[in-house]
Amino acid sequence: LETKEEYGHKTLAQDVMRPRQSDPLLVVLTQEGMSVGEIEGVIADTDYSGFPVVVSQESQRLVGFVLRRDLVISLDNARKRQEGVVSASLVFFLEHVPPQPFSGPPVVKLRGILDLSPFTVTDHTPMAIAVDIFRKLGLRQCLVTHNGRLLGIITKKDILKHMAQMSNRDPDSILFN
Ligand code: ADP
């Protein structure tokens, strides 16, 4: 496959990333303020392989990326092994958890499962470069930002689908095999 050939069309990261304008919003978790129950709700309502973690919904500033399976295992473990953890327990991806009121349920700390350096590109990054990075680093997904704000996500499958659309070829035969 000649990457440069494929991307003669100046496709940019913003053309391949999700969500599209008509799609539901990017599903993110916040580094503090969400409860065990809320995060379990997000897991139940979606089937994404992972979730970006941001400072706050307002800032959409990226903190890291957490895999769905690690979240499932960790929340399950916390409920089973950590005494007093309930749906209302707050979840922290922060390094330093602020002091909690004595009356509240124990908190769950999930900093350990956070990938603090997920790969990111800007919305204007040419896809030719992004594809090259995906290949060389063996990435599964990459996040897209604009002026430090998280905009979207590109998965390996998104790229394969996009390339297939552009060349009308079988998506599985094109890349990464
Ligand atoms: P795959 O692309 O391998 O099926 P996912 O199941 O994680 O991987 O993603 C399915 C689709 O949803 C992809 O188009 C991807 O860009 C998008 N997506 C992935 N994670 C999220 C998320 N947290 N919020 C919104 N869309 C997402």
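The values are calculated or read from the model by the stated rules, or taken from the named source; none is laboratory data. In this text the structure is predicted, and so the values were computed from the model without any measurement. Reconstructed Cβ throughout: ideal geometry from the backbone, glycine too, with neighbour counts over all protein chains shown. What goes into the accessible areas is simple: the full protein's heavy atoms, side chains included, and nothing from ligands, DNA or RNA. Shrake-Rupley method; radii C 1.70, N 1.55, O 1.52, S 1.80 Å.
The table below lists the values:
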| quantity | calculated |
| --- | --- |
| Any chance Q60 is open to solvent by less than 70 Å² (accessible area, probe 1.4 Å), on the phi > 0 side of the Ramachandran plot and within 14 Å of the ligand (Cβ to nearest atom) | yes |
| Pick from the stretch 68-97, criterion under 22 Å from L143 (Cβ atoms) and in contact with a Lys or Arg (Cβ under 9 Å, 6 or more places away or on another chain), ranking: modelled with the lowest pLDDT | E95 |
| Matching residues, the stretch 129-150, being open to solvent by less than 70 Å² (accessible area, probe 1.4 Å), outside any helix (DSSP H, G or I) and within 15 Å of the ligand (Cβ to nearest atom) | G138, L139, Q141, C142, L143, V144, T145, L150 |
| The lone exception for S49 - which of (1) open to solvent by less than 80 Å² (accessible area, probe 1.4 Å); (2) within 13 Å of the ligand (Cβ to nearest atom); (3) in contact (Cβ under 8 Å) with a residue 24 or more places away in the chain it fails | (1) |
| Complete set of residues in the stretch 121-169 that are among the hydroxyl-bearing types (S, T, Y) and modelled with pLDDT of 90 or more | T122, T125, T145, T155 |
| When residues of the stretch 68-110 are limited to those that are touching a strand residue (DSSP E or B) at 6+ places or on another chain (Cβ under 8 Å) and charged (D, E, K, R), the one least open to solvent (accessible area, probe 1.4 Å) | R68 |
| Residue list for the stretch 111-128, filter: open to solvent by less than 20 Å² (accessible area, probe 1.4 Å) and part of a loop (DSSP other than H, G, I, E, B) | L114, D123 |
